[in-house]
1. Under 8 Å between Cβ atoms, at least 6 apart or on separate chains: pull out the pairs that start in segment 55-83 with a residue that is over 17 Å from VAL40 (Cα atoms) and end on any residue that is exposed (fewer than 15 other Cβ atoms within 10 Å of the Cβ).
2. In this structure, does ARG79 turn out to be of a type in the set (Lys, Arg) and assigned to a helix (DSSP H, G or I)?
3. Give all pairs with beta carbons closer than 6 Å in which a residue from segment 33-47 that is over 24 Å from LYS19 (Cα atoms) meets a residue that is in a helix (DSSP H, G or I); count only pairs at least 6 apart in sequence or on separate chains.
4. Which one of the conditions (1) in contact with an Asp or Glu (Cβ under 9 Å, 6 or more places away or on another chain); (2) surrounded by 13 or more Cβ atoms within 10 Å (Cβ to Cβ) does PRO13 fail to meet, given that it meets all the rest?
5. Please count how many residues of segment 1-30 are among the hydrophobic types (A, V, I, L, M, F, W, C) and part of a strand (DSSP E or B).
6. Confirm whether ARG33 is part of a helix (DSSP H, G or I), of a type in the set (D, E, K, R), modelled with pLDDT of 95 or more and surrounded by fewer than 17 Cβ atoms within 10 Å (Cβ to Cβ).
Amino acid sequence: MAIAALTVELSIPLSRSLKDRRQVVRSMKDRLRQGFNISVAELDEAVTWQSATLGIAAVSSSRDYLRGLMTEVESAVTRLAAEHGAEVRDAWWDFVES
């Protein structure tokens, strides 16, 4: 069994409050979960209003499937961020074998 873990650092320059930030992050998490059946969590505390880090994980017996899924998820994250006035500062993923 393989586990793929994607970490995404977001910049949310239009956010003027913690409420604005929370709205962007919650919307992105919900849409990613619905669209891809993956686990999504916010990894950092709400230290600043204009940044966030998301952790995304998926499990499968096929590394090829996970490779394709993470590529699609990364593209979706970039698109969703743009829709919410945010941008992806950095994104990386890796396999974790169990």
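1. Close Cβ pairs (under 8 Å, with a partner that is exposed (fewer than 15 other Cβ atoms within 10 Å of the Cβ)) amount to SER61/MET1; ARG63/PHE95.
2. Values: of a type in the set (Lys, Arg): yes; assigned to a helix (DSSP H, G or I): yes.
Yes, satisfied.
3. Here the result reads PHE36/VAL73, each pair linking segment 33-47 to a residue that is in a helix (DSSP H, G or I).
4. Single failed check for PRO13: (2).
5. Just the residues of segment 1-30 that are among the hydrophobic types (A, V, I, L, M, F, W, C), to begin with: 1-6, 8, 10, 12, 14, 18, 24-25, 28.
This time we only want the ones that are part of a strand (DSSP E or B), so: 2-6, 8, 10.
Here the count works out to 7.
6. Yes; evaluated as a whole, the condition is true for this residue.
The values are calculated or read from the model by the stated rules, or taken from the named source; none is laboratory data. Computed from a prediction, not measured in an experiment: that's the story for all the values here. We place every Cβ from the backbone using ideal geometry, glycine too, and count neighbours over all the protein chains shown.
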